[in-house]
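Notes follow the structure.
The values are calculated or read from the model by the stated rules, or taken from the named source; none is laboratory data. Bear in mind the structure is a predicted one, so any value in this text is a computation, not a measurement. In this analysis, Cβ positions are derived from the backbone assuming ideal geometry, glycine residues included, and neighbour counts consider all displayed protein chains.
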């Protein structure tokens, strides 16, 4: 079966067999017991076991499975469905897919709409990919870097990136001309109530529209809702999903650990990308852009 992935060593297409992925030059990559494949060359591996560890993945998976971020997942599905409504078998790439929560949500949403999507996900964390492959065995998952995606040029219809590293040049390479790039990022007051607990003087996240080489803006959609975290474990799981876990003073963490309930205000709404984003707008939003066609549209 033809794989969505290409060989990370020579760039030729991979065939997906029962126990391995194989390229025409006989480079072979074994299927892990959990179902994913390792496509990160040793010279691109910057630590012994890169990516999130088992404990971080388990906490994030438990948090997401409670539906706290379901509005983001569902809104993402709607945007993609609007874009690919005439494509019966779209190719989707989830860049930095983690444990596959959004990957599985997209697959379910597109399948329920009568489409037959082919979906791949990449992440550095083997612990996360074990869960992703179990959650969605219909997809292909690989240990790989978002900066060196193991996909052929112009092979994906849609690329999604949810709170993961941005590699705009590489994303433009793998998307087909006119392909859709959806990017979820925290906005200015994302998780503001948590920041008020963590810091004496909470700060806003940078929130501005950026132009990415090779892309044309389509729009920005903002999501507004309130999430009631009613367990200390959920509060701390969310905390460890954020960059704040790496740079918060100990006293701030102690204040957060003392809570058994926290209400976070999120925002859901729609806004066209050509309009300037208001400072202090949404705590979470995602942008959509299309790859610039290589030749003018007719």
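Here are a few things to note about the model shown:
- Helices (runs of 4 or more DSSP H) (entirely within the stretch 113-217) containing at least 3 residues that are under 27 Å from residue 10 (Cβ atoms): 126-135, 168-174
- Residue 89 being in contact with a strand residue (DSSP E or B) (Cβ under 9 Å, 6 or more places away or on another chain), assigned by TED's automatic domain parsing to the domain that holds residue 44 and either in a helix (DSSP H, G or I) or surrounded by fewer than 17 Cβ atoms within 10 Å (Cβ to Cβ) (or both): yes
Each row is one residue, and each column tells you yes or no for (1) in contact (Cβ under 8 Å) with a residue 12 or more places away in the chain; (2) on the phi > 0 side of the Ramachandran plot; (3) touching a strand residue (DSSP E or B) at 6+ places or on another chain (Cβ under 7 Å); (4) not in a strand (DSSP E or B).
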site	(1), (2), (3), (4)
8	yes, no, no, yes
29	yes, no, yes, no
34	yes, no, no, yes
43	no, no, no, yes
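- Of note, residue 188 does not satisfy the criterion of being out of contact with any strand residue (DSSP E or B) (no Cβ under 8 Å at 6 or more places or on another chain), closer than 23 Å to residue 51 by Cα and assigned by TED's automatic domain parsing to the domain that holds residue 56.
- Among residues that are crowded, with 17+ Cβ neighbours inside 10 Å, under 18 Å from residue 68 (Cα atoms) and over 19 Å from the mean Cα position of the chain (by Cα), residue 227 is included.
- When residues of the stretch 257-267 are limited to those that are in contact with a helix residue (DSSP H, G or I) (Cβ under 6 Å, 6 or more places away or on another chain) and within 26 Å of residue 222 (Cβ to Cβ), the one modelled with the highest pLDDT: 262
- Check on residue 24, farther than 21 Å from residue 131 by Cβ and free of Cβ contacts under 8 Å to residues at least 60 places away in the same chain: yes
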